[in-house]
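Here is the structure we will look at.
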Amino acid sequence: MSEPKRVVPVPGGFLMVLRQGDDVFEHLESLMIEADIPAASIRGFGFAGSIRFGFFDFGRRDYDPRDFTDVEVTGLTGTLAWKDGKPAVHAHATAAGRDFQAVGGHLLGLAVGRGSIEMTITVHDQRLERHFEEDIGANVLRL
Amino acid sequence: MSEPKRVVPVPGGFLMVLRQGDDVFEHLESLMIEADIPAASIRGFGFAGSIRFGFFDFGRRDYDPRDFTDVEVTGLTGTLAWKDGKPAVHAHATAAGRDFQAVGGHLLGLAVGRGSIEMTITVHDQRLERHFEEDIGANVLRL
Amino acid sequence: MSEPKRVVPVPGGFLMVLRQGDDVFEHLESLMIEADIPAASIRGFGFAGSIRFGFFDFGRRDYDPRDFTDVEVTGLTGTLAWKDGKPAVHAHATAAGRDFQAVGGHLLGLAVGRGSIEMTITVHDQRLERHFEEDIGANVLRL
C-alpha cells in the first residue's frame with residue numbers, strides 16, 4: 001500500500017493530516033519550503049503521542065519544558081513565518097488526557113499519537129520574518 | 001416573532017449562530033447536507049448548556065465519556081467530512097466553568113446553553129472521507 | 001526607531017501583531033472603525049501580561065471576573081460585530097502559566113505581556129449586530 005497523502009491544497013491554503021509518529025514541526029517546515037509559503041496562520045487538533053510545552057524563563061533566557069504523553073490536542077493555534085532564512089513555526093496549544101483536565105502553553109514539540117492530527121493552513125501573501133528583540137528577550141513577528 | 005436565522009453564507013464559507021437548546025452536531029450535519037459541503041474546517045466558541053467529552057479506550061474500542069454542564073466553550077476546533085455517505089463531524093474543544101479551570105477533549109456532544117455558540121465554517125473544494133483504520137482502531141481523514 | 005507596525009492586510013482579512021503593553025480590545029475596536037470591518041471571525045495566541053476572564057452570573061446579570069498575570073494565551077477565538085453603532089468584540093480564550101494548568105473563559109480584558117500576541121482576522125462581507133435578548137439576559141449575534 002502506498003503511503004497516505006499528508007497534505008492537499010484547499011482554497012486559501014492547505015489541509016494537512018498527519019499520522020501516528022509524524023513530527024508536526026518537521027511536516028510544517030517541509031511544507032513551507034516545498035510550497036514556498038511566505039507566511040501563514042495555522043490551527044489544528046488531534047491526538048498527540050507526545051507533546052512538549054515550554055514556559056519562558058526570562059532570567060536564564062530559555063524555556064522550562066514539560067512533556068505530556070497520549071493526550072488529545074484540543075486546540076492548536078499558530079503562525080508560520082521565517083527567521084534567518086529558515087522556517088519558523090510559532091504555535092501554542094491546549095491538551096487533555098483521560099481525566100479531561102486541560103494543560104497548555106507554548107509548543108516546543110509535538111508527535112502524532114495513535115490516530116491523527118488535522119491542520120488547516122491559511123496562507124498569507126507577503127513574506128514575514130521573526131526578529132529577536134533584545135529588550136524583551138523574545139522573537140517577534142515583524143509586519 | 002419568526003425563528004432567528006442560524007446560518008449565513010460568508011466569503012469562503014458560513015457563519016453559524018446557534019441558540020439555547022440547539023444541538024451543535026445536528027446543525028452542522030444538516031448544513032453539510034443542505035449546502036452540499038464537500039469538506040470544511042470549523043472553529044467556534046460560546047456557552048454550553050451541556051458538553052460531552054470522550055477519551056478513547058483502545059482496549060474496549062470506545063470512548064470513556066464525561067459530561068459538563070453550564071460551561072463556557074473557550075475554543076472548538078474541528079473538520080467536517082463524510083463517512084459512508086453521511087456527514088462526519090470531528091471536533092475537539094476546551095471549556096471552563098465558574099472556577100475558570102479548563103477541561104477538554106474529543107467532542108461527543110454539545111448543546112447550547114443560556115446564550116449562544118458562534119461557529120465559523122471554512123469550506124474546502126474537494127469531498128473528503130473518513131476511513132476506519134483497523135491497525136490503529138480510529139477513523140482518519142483521507143486526503 | 002519608528003513604532004513597529006501592528007496590522008497588515010492579508011487575503012481575506014488582516015494579520016495583527018500586538019506588543020508588550022498593548023490592549024487587545026482597543027486595537028481590535030480601532031481596526032474595526034478604521035478599516036470599516038462589517039464583521040469578522042478572529043483567532044489568536046501569544047503572551048498575556050494580564051488577562052481577565054468573566055463567568056456570567058445570571059442572578060445579578062454581570063460577570064464574576066478573575067485576573068491572571070503573565071500567562072501564555074494558548075488559544076483565543078472570537079467574532080467582531082457591532083452593537084448600537086459601536087464595535088463589539090466577543091471572544092473566549094484559554095491560558096496557562098508556568099505550571100501549564102489551563103484556565104479559560106469569556107474574555108473581559110487582555111494586555112500583551114513580555115512578547116507579543118498574534119491575531120488573525122477573517123473579514124465577513126455583511127454588517128452584523130449584537131442584540132441584547134431580555135429572556136436569556138445575554139447579547140446574541142444576529143444573522
Taking placed amide H atoms and a strict 5 Å upper bound, the residues 5 or more places from C:Gly109 or on another chain that come that close are C:Arg52
Label points for C:Asp23 built 7 Å along Cα→Cβ; distances to same position in the other copies, nm, shortest first, come to 4.4, 4.4
Once the label point is set 7 Å along the Cα-to-beta-carbon vector, what list of distances in nm do you get between C:Gly85 and its counterparts in the other copies?
5.6, 5.6
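Only counting other Cβ atoms within 10 Å, I'd like B:Thr120, A:Thr74 sorted with the fewest neighbours first. Intermediate results must be reported in sequence, preceding the final value.
Values: B:Thr120 25, A:Thr74 35.
By the 10 Å Cβ count, ascending, the order reads B:Thr120, A:Thr74.
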Pseudo-label separations to other copies for C:Gln126 - Cα-to-Cβ vector, 7 Å, nm
3.1, 3.1
With springs only between Cα atoms under 10 Å, which of A:Leu107, A:Leu80, A:Leu128 fluctuates most in a Gaussian network model of chain A?
A:Leu128
Once amide H atoms are placed 1.01 Å from N in the peptide plane, what residues at a sequence separation of 5 or more from B:Leu143, or on another chain, have their amide H within under 5 Å of its amide H?
A:Lys5
Quick one: if the Förster radius is 25 Å, what FRET efficiency do B:Leu108 and C:Asp36 give, using the C-beta to C-beta distance and rounding to 0.05?
0.05
Report the calculated FRET efficiency for A:Asp135 and A:Ser50 (r = Cβ-Cβ distance, R0 = 22 Å), to the nearest 0.05.
0.05
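Within 10 Å of each Cβ of B:116-124, how many other protein chain Cβ atoms are there on average?
6
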Cross-link candidates for C:Lys5: which lysines have Cα within less than 20 Å, leaving aside residues fewer than 8 places away along the same chain?
A:Lys83
The range A:7-124: relative contact order as a whole-number percent, Cα under 8 Å and 6+ apart
41 percent
Taking H placed 1.01 Å from N in the peptide plane, check which residues at least 5 places from B:Trp82 or on another chain put their amide H under 5 Å from its amide H.
B:Ala88, B:Leu128, B:Glu129, B:Arg130
Please build a GNM for chain C, connecting alpha carbons under 10 Å apart, and tell me which residue among C:Pro65, C:Pro87, C:Pro11 fluctuates the most.
C:Pro11
What residue among C:Leu143, A:Thr79, A:Phe132 has its Cα farthest toward the positive end of the dipole of the protein assembly as shown, where the charges are +1 on Lys, Arg and -1 on Asp, Glu, each on the Cβ?
C:Leu143
³J(HN,Hα) across the range A:79-86 via Karplus (A = 6.51, B = -1.76, C = 1.60, θ = phi - 60°), whole Hz, x for Gly/Pro?
9, 10, 8, 10, 9, 6, x, 10
Under the Karplus curve 6.51 cos²θ - 1.76 cosθ + 1.60, θ = phi - 60°, whole-Hz ³J(HN,Hα) for the range C:61-75, x wherever Gly or Pro sits:
6, 8, 8, 7, x, 8, 9, 10, 10, 6, 10, 6, 7, 8, x
Per residue of the range B:105-116, in order, report the coupling 6.51 cos²θ - 1.76 cosθ + 1.60 (Karplus, θ = phi - 60°) as ³J(HN,Hα) in whole Hz, putting x for Gly and Pro.
x, 5, 8, 9, x, 7, 10, 5, x, 6, x, 8
For B:135-141, mean number of other protein chain Cβ atoms within 10 Å
5
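Can you list the equivalent-ellipsoid semi-axes of chain C, largest first and in whole Å, using the square root of 5 times each Cα gyration tensor eigenvalue?
The answer is 24, 22, 11 Å, longest axis first.
None of the figures in this text is laboratory data; all of them are computed from the coordinates on show. On a predicted model such as this, the values are computed, not experimentally measured, just so you know. Heads up, the Cβs are rebuilt from the backbone with ideal geometry, glycines too, and the neighbour counts pull from every protein chain shown.
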